[in-house]
Amino acid sequence: MSPLRLPLCLLAIAGLAAGRGQAAEDAPAPDRFVELPPLMVAEQVNGPPWRYVEIPGLEVLSRCRDGTTLHLVEEMYRLQQLLAVMLPPDLQAKRAVPDTAVLYSEESKPVVAQEVVADLLRDGKDAGGESRRSSRGVGYRSMPNLRLTDRDATSAFFILEEGGFAQAQLALTPDYIRYAIKSRTPSPPAWFVEGFVDLYDAGDFERNPITLSPVEWVSAAETKNLKRDPDYPRSLLPLAEFFSSPGPGADAALWRGQAALFLRWAMEGDDHPRQPALWKFVARASAEPVTEEVFRECFGLGYVDAQERMSDYLSNAVLGTLRLKPGKLAALPRLTPRPATDLEIARIKGDLERLEIGWVKPRFPQLVPKYAEQARRTLMRAYDKGERDPRLQAVIGLCECDAGNDAGARKFLEAAVQGGVVRPRASYELARLRYAEAQKAPDAPGGRLSAAQATSVLQPLVTAWRQPPALLEMYALTADVWARSVPAFTRKNLAMLDEGVAYFPRNAPLIYQAAWLNARQGFKPEAEALIVRGLKVGTDPAFQTRFEQLRVNLAAMAQPAAAP
Amino acid sequence: MNSHPRFSGRTLLPLLLPACLGWLASPAHAAAPTSRDLAAWLQPDRTQQATLAPDGHHLAYTVHEEELTMIVIIDVDDPTKKAVLPVGRDVVIRDSRDHEKSPMRVPFFRWVGPGRLVFAAEMPSLDEVDVRRVHEPANVTVVYAVDADGRHLMKLADEENLVLLFPLPDGSTERLPRQPRVIDLAADVQDSILVEAVRPALGSGSADPSLYGRVATGLFRINVRTGQRQVLHEQDVNGRLLYDRNGQARIEIWDPIDRAGQSFISLPSPGRRASKELDKLFGDAVTPANYLGTRTFPVGFDYDPDILYLASNAGRDTYGLYALDLRTAKRTALAVEHPAFDLAGFETSGSLPALVFDQKQRRLVGVRVAGLEPAAQWLDPELAGLQATLDGKFPGRSVQLIDWDDSRTRFLVFASSVGDPGRYYLYHRAENRLVQIVRRAPAVDPDQTNAATTFAFDTPEGVHLTGYLTVPKTPLKTQPPLLVWCHDGPWDRDAPGFNHDAQMFAAMGFFVLQVNYRGSAGFGTRFREALRESLDGIPVADIRAAITWVEARYNVDRKRVALLGQGFGGYLALRALQLYPDDFRCAVAINAPTDLEQWSRKPESWREAIDRGEVANSTMKQTQDFMINFGPGQSGPLAQRGLLVPSFAEQGMGALDAAPSTNGDPDPVSGTQPDAAGTAAAPATAGGRGGPPPPPFPPEYVNFASELRRWYFGHDKARLAALSPAQHPELFTKPVLLLQDPYDAGGEAGVSSALRSALSKAGNPPEYLEISGEFTRGLPKARLQAWTKVQEFMMISLYDFDVKIGIPKVQK
């Protein structure tokens, strides 16, 4: 049985097990799927009760039977551990905020709100998923599951067909794997992201050891030829070219195949001797430009040596499987779902609905008010009952921010941060609002912020800084505040920006900000190093000019260029 | 009596070596390799040649596996279309001692036109040949052509269809088979190749001095599609012929079979006169005295048959390559030179592979340079640019452009290094894409390969030394021992490229150091001639300097340095051990001369009275004058003056003028018509026509290498005795292993045994292993047997296993 695909765990569950094959046959090719609005589920008075269960890193709100919920949670827990066998946690995204999942039972027949359907029908939108016929004869399909991400958290829903789910084999979807890697800071290079996704996709996680099926090289025909003839000619991109490419170029199939081949080669062998080198290399490639020297330091091989080994390995890779021993997986603590509280329902479901707004906005802008209204309704139900949990207030504040209601968001965000919420984006948004306010009435001469104003803005940023994931906007705002404040900070303070540059090494604006601040404060070597880095990264001519001008100013130790 | 008698470690070696090696192999280090491990390093390369068709659509390469040699042809655009032609199985050469099979060779492998591949298959002889005496078997060669799809395989030439028909007095004819040798593609006739057929001329073995040593040489032009043969030339010569690209014999090269040495005689050809100027340029003879000095010799013809390429070191330190316009007897502007490396050896091979021609454009496009790694100097800017592009794609590798198609869109490339046997790629220039075609030695596991590198440094005395260092990947000790491998010589060098033997010794746990000591060839005259100052002192000083250099950079065990050498290198190994017993722990000498006085003690012939120096000086003077005074000034190679050795008298011939030939007649021999079978009739006289007069004195066959050696080493018996290891057995205080082929072609067997006898008499018998011709021919089993013996010897000598039964331990 082929495994099902979970996006973060949230998966394509439309038709599990027995029904799945037929569904797959009937379904259009993936590239023909039409994105559809997610479910907008109104609270049903007579619906099944919400249940709550929690494991490290995941909160689940479920309207399924406990057995189904536990099966899902256990599978997710197992898959996360197996993922860690292939991908060290250091190379996965870290989040201080647990992921959340909302489970619906297919039997409870959750539906898209009738007015949404009506709107869609009016606009003649197509639909997919579970096909139905409207009274006007227009087909649509409700979205069975969806993973939605904010900059500091993910939330997902899915609808489970409980009858067949207990025996279902689940797998993390390529989309989730891609997200788990890409959202790590610093973000790994594209060749690693795509190579790993393909590698993972070839894995059978139901077997012990994990078994990766033979590689398919470039095309089925090429793979077949390589299987038949070990001398069959093969072409690989020179590694210097491959590692420096931002993504697949003209020969996308080769680039993608080589990405997977490289990872597989690096993970191959008894006791996987090259694996530590691989992880070290990926970490360095995420943070700095890849050179042959870096590669050699990690693998002890030059580019050509490695490429030759990969070329030789290809003949084996198309024929053989790669086995990875997971070792003993940690046992899942005994879980007992319990009734969810109003707060949990509001916070988790409300956050999901908040994120749906962002998903709907570019696709179905006419539906945004309805989704916003639904999210507010869910969130405020608990708030109105007197719940003042910082996490709930943070979500409400973010919801208002997403809706463009900064004024309405402020009090919730202030309360949440005051309450010590672990929600980096909420802290950032509060800082942003405070900064906007301070800019309207700067206390210091020259339109600058006073130390008190700057501190007011920076205080929630420091909070956010301590909570993963690292947010680019947090570093950018910090730099901006410093740039427009009376300078009262030290090189030690600026180390925070060094960290930002390390997390976002390819972000030229941030590098420029950091260079400018270092230059202004007279930290010449640090500024020069950042300029050098920026010139490598900022290929845009405008940035090149700005960096060059900054270098000129730095050389003269004159006033640096205009504030960024 | 001791109830626990002590046993010599050597006596018990076969039993205890595994235990000893196991002791050495701490957890941090690898176990010593087994014979099977070592054998893997000695396997012959699977693919030795590859060639790209001029239309770029097909590519062929040789494969040797499981005792079978094959040719593989692939369609470049659809590699699933692949033809595999079995060519021949490995065979045991008759009378070989060890009955080890020898693989066949493919000495010629080229496309002739877009769809026709021509190759020569050279099989070790099965004839009754005493290979113990001739050392190299008389091989049998067959030339084939085959279509790109593997069909229409056709035998173009073999010993039978190049037969020489000799009329006998009774009116019958005797068929005298001749082996074919493919010279090149015929430049003037499409789809044709030039094949030379050679055999000893009738009477060449007689006492008649005018016939002695003459060779019946024929040149055939063969159509590779029809098989039709045409005789272009038949002549009995005293040496070899140098042909132009149309198949006209242009220069006769007399081998130095007698004391007159080697001469070059310009021959007339249709429409062209013989060039006396050329004869003067090349001098009367190559003698031992001038062989290593200033010389100019021909290396091949251009597509323009009036352009002759020359190698010369006249007025400079290293050999450069130049061209002579025979119409004007002046040099052209071409001057390809390298400041550090000779672009030609001393030998007049007649077709220098260093010259690279573009078949389509019919011109010289580059010169290959045997530096520390293979390289090329491209005369064609397009190829120079492409070389730079490809070098950038293979950092750390030497990239050789092997072939390219007529449109120059596809290039066959060989990328290798001293630590990598290499692989062939096809470069698609338009797509900037490299496709790996085949590996040269897939049996060599890159993950097991020991890192190897070239090195170059200046000694404190200012001597620039180069060489190769192979670093053990899995040393047996934290501080691995150092093995110094001395190459044969003195006029030889360590060859560029992957070295299977060095890899094998590194796999045993040694650092392997190869030094191009002074006296080595290929690095210019001064470097080569520096040896004469001290035959042993100079190279041994260089070896010690290299050891010091390595020691400063690598974690070698300076207390455990071993020496190994073959031929003159073996002599150096022995001398180093004698002179610096505290520096070295042992020495292995393979077919090494151990008594120089005895080595040089050959009776002087009646021509001893000839003043060699006079001949040599005359030759060098005239070639130098020519190279300096002729041709455009800017092309002169002559920035350097004042060669160290040998000096010569100021009695040059002066500049050569374009004087008319004394023989302006067309060469009647070249007009010889083939008979119906394409065979050739023997010349009416054994001397042939158009050639030089026979030597005026009864010849005496001599080994030119021996003569050269005798001249070089001199006749001072006392000096030679002082330099001879066998004369001073008392100086050996460290172990010695002698490996000796009793039938070694170099003739050193006797002088090697001199040391064995001397050491035995002195009560210090050396270790000894008799090796066979299979070892010299590089056959893997024979080499493995010898190297296993060396390994045992080294382990005992370096680690001084002093063993009680069952209790191995290492003594410092």
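Derivation of every value follows stated rules applied to the coordinates shown; laboratory data play no part. Keep in mind that this is a model prediction, so the values were computed, not measured. A quick note on method: Cβ atoms are made from the backbone with ideal geometry, for glycine too, and the neighbour counts reach across all protein chains shown.
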- Under a plain spin-label model, where a point goes 7 Å from the Cα along Cα-to-Cβ, how far apart in nm are A:Glu107 and A:His272? 4.0
- Message: Within 10 Å of each Cβ in B:430-441, how many Cβ atoms from other chains are there, averaged over the peptide?
- Response: 4
- Query: When averaged across all projection directions, what area in nm² does the alpha-carbon convex hull of the range A:184-333 cover?
  - Reply: 9.9
- Item | Residues of type lysines that A:Lys361 reaches as a straight line, Cα spacing below 16 Å, ignoring anything fewer than 8 places off in the same chain | A:Lys125, A:Lys370
- Query: B:Asp741's amide H: which non-local residues (gap 5+, or another chain) put their own amide H closer than 5 Å, with H modeled 1.01 Å from N in plane and none for Pro or chain starts?
  - Reply: B:Asn591, B:Ile771
- Item | Amide H contacts under 5 Å for B:Ser192, placed H, 5+ residues apart | B:Ala186, B:Val224
- Message: Whole-Hz ³J(HN,Hα) for each residue in the range B:548-565, computed from phi via Karplus 6.51 cos²θ - 1.76 cosθ + 1.60 with θ = phi - 60°, x for glycine and proline: what do you get?
- Response: 4, 4, 5, 4, 6, 10, 10, 8, 8, 8, 5, 7, 10, 10, 10, 10, 8, x
- Query: Which lysines have a Cα lying under 28 Å from the Cα of B:Lys276, excluding residues fewer than 8 positions away in the same chain?
  - Reply: B:Lys330, B:Lys621
- Item | Relative packing of peptides B:570-580, A:224-234 - highest average C-beta neighbours within 10 Å first | B:570-580, A:224-234
- Can you work out ³J(HN,Hα) from phi for every residue in the range B:401-414, in order, using Karplus 6.51 cos²θ - 1.76 cosθ + 1.60 and θ = phi - 60°, giving whole Hz and x for Gly and Pro? 7, 8, 8, 8, 7, 4, 8, 6, 10, 10, 10, 8, 10, 10
- Give the relative contact order (percent, whole number) for the range A:193-324; include only Cα pairs under 8 Å separated by 6+ residues. 36
- Item | Under-5 Å amide H pairs with A:Val102, H placed in peptide plane, nonlocal only | A:Leu61, A:Ala156, A:Phe157, A:Phe158
- Could you give me the radius of gyration and the Dmax of the range A:489-564, taking only the C-alpha atoms into account and expressing both in angstrom? 11.0, 32
- Note on the structure: Assertion target for B:Leu68, B:Leu52, ordered by fewest C-beta neighbours within 10 angstrom first, is B:Leu68, B:Leu52
- When you look at the Cβ of every residue in A:232-242, what mean number of other chain Cβ atoms sits within 10 Å? 5
- For B:Lys734, the lysines lying under 19 Å Cα to Cα, once residues fewer than eight places off in the same chain are dropped, come out as B:Lys559, B:Lys761, B:Lys789, B:Lys812
- Sort the following peptides by mean Cβ neighbour count (other Cβ atoms within 10 Å, averaged over residues), highest first: B:263-275, B:369-381. B:263-275, B:369-381
- Query: What list of ³J(HN,Hα) couplings, whole Hz, do you get for the range A:231-248 from phi and the Karplus terms 6.51, -1.76, 1.60, once you set θ to phi - 60° and write x for glycine and proline?
  - Reply: 8, 4, x, 9, 10, 10, 6, x, 4, 4, 5, 5, 6, 8, 6, x, x, x
- Using the number of other C-beta atoms within 10 angstrom as an exposure proxy, rank A:Asp201, B:Asp542 with the fewest first. A:Asp201, B:Asp542
- Item | Listed residue pairs exceeding 29 Å between alpha carbons, taken from A:Lys182/A:Lys224; A:Lys224/B:Lys155; A:Lys94/A:Lys280; A:Lys94/A:Lys325; A:Lys280/A:Lys325; B:Lys81/B:Lys360 | A:Lys182/A:Lys224; A:Lys224/B:Lys155
- Item | FRET E, pair A:Asp443, A:Arg491, Förster distance 35 Å, beta-carbon r, rounded to 0.05 | 0.90
- Message: Order these by the 10 Å Cβ neighbour count, fewest first: B:Asp595, B:Asp147, B:Asp158.
- Response: B:Asp147, B:Asp158, B:Asp595
